[in-house]
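The values are calculated or read from the model by the stated rules, or taken from the named source; none is laboratory data. Quick caveat: nothing in here was measured; it's all calculated off a predicted structure. Cβ placement follows ideal geometry from the backbone for every residue including glycine, while neighbour counts extend to all protein chains displayed.
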Amino acid sequence: MLEFSNSRNGKEKIGTGQREDWNERNGLPEPHLRARRRTARLTMLVVDNIQLAFGGLKALSGVSVHANAGKITSVIGPNGAGKTSLFNVISGFYKPQHGRLTLDGEDISGLKPSQRAYRGMSRTFQNIALFHGMSVLDNIKLGAHTKLRTGVLSAAFRLPLTRREETQLSSEIQRDIIGLLELDHVQHHPVEDLAYGLQKRVELARALVMKPKLLLLDEPVAGMNREEKREMSRFVANVRNNWNTTVLLIEHDMGMVMEISDHIVVLSFGKPIASGTPDEVRVNPDVIKAYLGTSEEPSSTKATAA
């Protein structure tokens, strides 16, 4: 028997069989429901059974990915596995034929890319897309458009509200981002004068300025040298550790993926073939086969050798 306080009768005894009905009447979820709700809060992104085809070409076939809040989830696979197609579906650039996407408990399947950005999704791309002729700081500020309240007219005429908001934004960038990504020494330089690795870092800063719930990083260390890769890995890990940001990462550099990932999903020819911790994925035979091919000899070869 369990005892519950009751404002009318002091204490009311109910049997185990009545507990669920009592909880439902009084708004108290059962333990398994509470656990389910806690799990839902811990999962920032749910990609459920995505099907994407271009004509007769299937790019994604039944792909499901869960990105837990405050963790780094990496999506890996050989070239042509469907990784960027998956990112384009999550971002809203591609509309899948089937499947559902949920961000922080909200169904975003029918939302445009701009609407997903306003709900806390931010992304970098494989190719650098910075604005030349502008400083590092100004490029970073552009990422905050979803957070600004002033309109076009106020910005055009530089009204007091616009000036105050821009001053506040600059202060926040200086406090939260410039130091975190170690861009202090170049913040006033034109972006086109920066080395490649620094430009990639500026692009990361621009994605971070909106304080995203979910940060999508599409090959953040592509084209970098070893030292630049090491630095970028550290910065991405710092974002996760310091801001508790949920990160979804595509990357071919397996050293980086294995070092900073909490969870890994492996795609091959548009289908998921494995998922788990770095240690689990590293020894998965299907993953090894997808990357290296089978080591078995054809039967005809074995027969000849015999």
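Points worth noting:
- Number of the condition not met by GLU297 [criteria: (1) under 17 Å from the mean Cα position of the chain (by Cα); (2) at pLDDT below 95]: (1)
- Helices (runs of 4 or more DSSP H) wholly inside the stretch 152-225 that include at least 2 residues being at pLDDT 85 or above and over 28 Å from LEU103 (Cα atoms): 196-208
- Subset of the stretch 249-270 (residues that are among the hydroxyl-bearing types (Ser, Thr, Tyr) and closer than 14 Å to SER61 by Cβ): SER268
- Candidates ARG116, ARG100 - the one that is modelled with pLDDT of 95 or more, part of a strand (DSSP E or B) and farther than 16 Å from GLU219 by Cα: ARG100
- Residue ranges of strands (runs of 3 or more DSSP E) in the stretch 3-94 with at least 3 members at pLDDT 50 or above and within 19 Å of GLY276 (Cβ to Cβ): 43-54, 57-68, 72-76
- Scan the stretch 226-270 for residues that are assigned to a helix (DSSP H, G or I) and of a type in the set (Gly, Ala, Ser) and the total you get is 3.
- Which numbered condition ILE264 fails, given (1) closer than 25 Å to ASP184 by Cα; (2) crowded, with 18+ Cβ neighbours inside 10 Å; (3) not basic (Lys, Arg): (1)
- Check on VAL257, touching a strand residue (DSSP E or B) at 6+ places or on another chain (Cβ under 9 Å) and at pLDDT 95 or above: yes
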